1. Just the number please: accessible area per residue for segment 2-127, 1.4 Å probe, all protein chains included, in Å².
2. If you count, for each residue, the other Cβ atoms within 10 Å and average over each peptide, how do 106-114, 146-154 line up from highest to lowest?
3. About its Cα centre, how strong a charge dipole does segment 2-127 have in debye, to the nearest 20, once Lys and Arg get +1 and Asp and Glu get -1 at the Cβ?
4. Of Ala59, Asn117, Met80, which is farthest on the positive side of the dipole of segment 57-131, counting Cα position, with +1 on Lys and Arg Cβ, -1 on Asp and Glu Cβ, and the Cα centre as origin?
5. Would you please put 15-28, 70-83 in order of how densely packed they are, using the mean number of other Cβ atoms within 10 angstrom per residue and starting with the highest?
6. Just to verify a number: FRET efficiency for Ser40 and Tyr145, C-beta to C-beta distance, R0 = 35 Å, to 0.05?
7. What are the radius of gyration and Dmax of segment 2-127, computed over its Cα atoms and given in Å?
8. Would you mind getting me the FRET efficiency between His27 and Asn120? Use the beta-carbon distance for r and R0 = 22 Å, nearest 0.05.
Amino acid sequence: MIRLHITAEGQTEKAFVDQVLTPHLAHFDVYTDARCVLTSKDKRAAKEYRGGLISYQKAKADIETWMKEDANQECWFTSMFDLYALPEDFPGFDEAKRLEPYQRIERLEVAFGNEMNKPNFIPYIQLHEFESLILADPAKLDWEYLEHGQPIGNLVKMVGTQNPELINDGRETAPS
């Protein structure tokens with residue numbers, strides 16, 4: 001059995017891991033769990049606040065802490081961050097910002113992996129915001145949301161023939 005710990009950017013990504021990836025990967029003897037990036041702690045209230053990728057250093061520290069907590073050989077770690085609004089302190093950020101989107105992702109993942117420098121860490125940065133996955137085929141939304149034909153039609157029209165992964169490269173076009 002393999003354990004895969006996923007550090008997710010936010011609650012939507014964590015819910016996707018919990019509700020979709022975990023049951024799917026269980027068929028392949030891969031146990032997954034996810035937690036959102038630790039953003040702050042209130043020591044007086046003994047409370048942690050998680051969600052939102054506000055700083056690479058916070059994400060790195062959180063991943064490294066989890067790696068220390070579960071250092072077993074069958075354990076793997078990955079990230080589920082998206083390119084949109086990636087913190088500027090992310091490794092390779094300045095070099096990658098001049099590249100086309102797919103090359104930018106590749107460069108950032110390589111830099112992230114090199115920075116973490118752990119053989120059981122697989123960096124993953126998705127080009128699109130998680131929410132943009134619905135834009136791959138928005139017409140399918142009518143299977144679940146029968147009463148929302150007009151808004152679904154608006155999404156279908158907005159996407160047109162564009163590659164949905166390339167829609168969110170700015171504040172005005174971000175699917176969230």
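The values are calculated or read from the model by the stated rules, or taken from the named source; none is laboratory data. None of these values were measured; they are calculated from a predicted model. Note that each Cβ is placed from the backbone with ideal geometry, even for glycine, and that neighbours are counted across all protein chains shown. Surface areas here come from the heavy atoms of the whole protein model, side chains and all, with no ligands, DNA or RNA. Shrake-Rupley method; radii C 1.70, N 1.55, O 1.52, S 1.80 Å.
1. Spelled out: the 1.4 Å probe surface of segment 2-127, per residue, equals 56 Å².
2. Highest-to-lowest ranking by the protection proxy: 106-114, 146-154.
3. Around 400 debye, computed over segment 2-127.
4. Asn117
5. Highest-to-lowest ranking by the protection proxy: 70-83, 15-28.
6. Result of the calculation: an efficiency of 0.50.
7. Rg then Dmax for segment 2-127, in Å: 14.7, 46.
8. It comes to 0.50.
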